[in-house]
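First comes the structure, then the notes that go with it.
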Amino acid sequence: MRNLMSLFGGVLVCLCGLLLLGCRKRVVSYEPYGVIEPSEFLVERYLVHPQFILTRYEEGSGGGKLVLLCTHPLRWITPWRDSVGFRRLAARYGDGGFKLYHIDGHDVSFAEPLVIRFEVLEGVKGTDTVWKSMADSVMLEFYSFIPMLQKLRSATPPLIQYPESAQTTVCLAEVKKGDLKLVDGSRPIAFQPIPPYRFAREFRVSVRAGEERWQVLSLDKRGGD
């Protein structure tokens, strides 16, 4: 009888141990879907040496909307690939010290400020092609992280858990050097004509990141003057 009780007790201890082990395993392995670690930075990825294309987004009065897209960067600067370079850029723009959760893909900025020109073909003088700036006839639409960064740095920062870049629409002629910084690299940059100007004559868009070479872009034109 004593041996039977000892055997029963041993089995009971083993069962309890297995039960506890199973419970412990479930608790340790349980992670709610979608849980991510917060970031101390508003921008987590910087695009270096971006390459652009120009396309027509939609047709309509004035020749529709033109869109400048970043097709791919030649290099990314992230905290896990280049911690020193990343923190240098973050310090330059005053980014860091936050507790933010990012929507996937909405944390990308060009590393350097952009410079953009919009010109139309005036004609040919001798062997030279003459281009005329139409900056005062075009509205520029872009997304920047600067407004959100200013809010986060204000004396009474808002309770923002999922920060995003903010849309800005301004006449291209009013854009000063350095205004196009921390531009969202995941969103398009758009051009819209200011009536009576139309996207009809031959035009070109020139874009440059920082002190890199100019990229001169054009596309097939439609319509007439």
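Odds and ends about this structure:
- Residues with amide H under 5 Å from that of residue 52, placed H, sequence gap 5 or more: 71
- In this rough spin-label picture, where each label sits 7 Å from Cα along the Cβ direction, the residue 170-residue 132 distance is 2.6 nm.
- Between residue 202 and residue 159, the simple label model (points 7 Å from Cα in the Cβ direction) yields a spacing of 5.9 nm.
- Relative contact order, percent, the stretch 122-187 [alpha-carbon distance under 8 Å, six or more residues apart]: 40 percent
- Cα-based shape type of the stretch 102-213, given that a ≥ b ≥ c are square roots of the gyration tensor eigenvalues and the cut on a/c is 1.5: prolate
- Positive-end residue of 86, 68, 57, charge dipole of the stretch 45-217 with Cβ unit charges: 86
- Amide H contacts under 5 Å for residue 131, placed H, 5+ residues apart: 122
Quick note: the coordinates plus some simple rules give every number you see, no bench work behind them. Since the structure is predicted, the reported quantities are computational estimates derived from the model, not experimental observations. Here the Cβ is made from the backbone with ideal geometry for all residues, glycine too, and neighbour counts use every protein chain on show.
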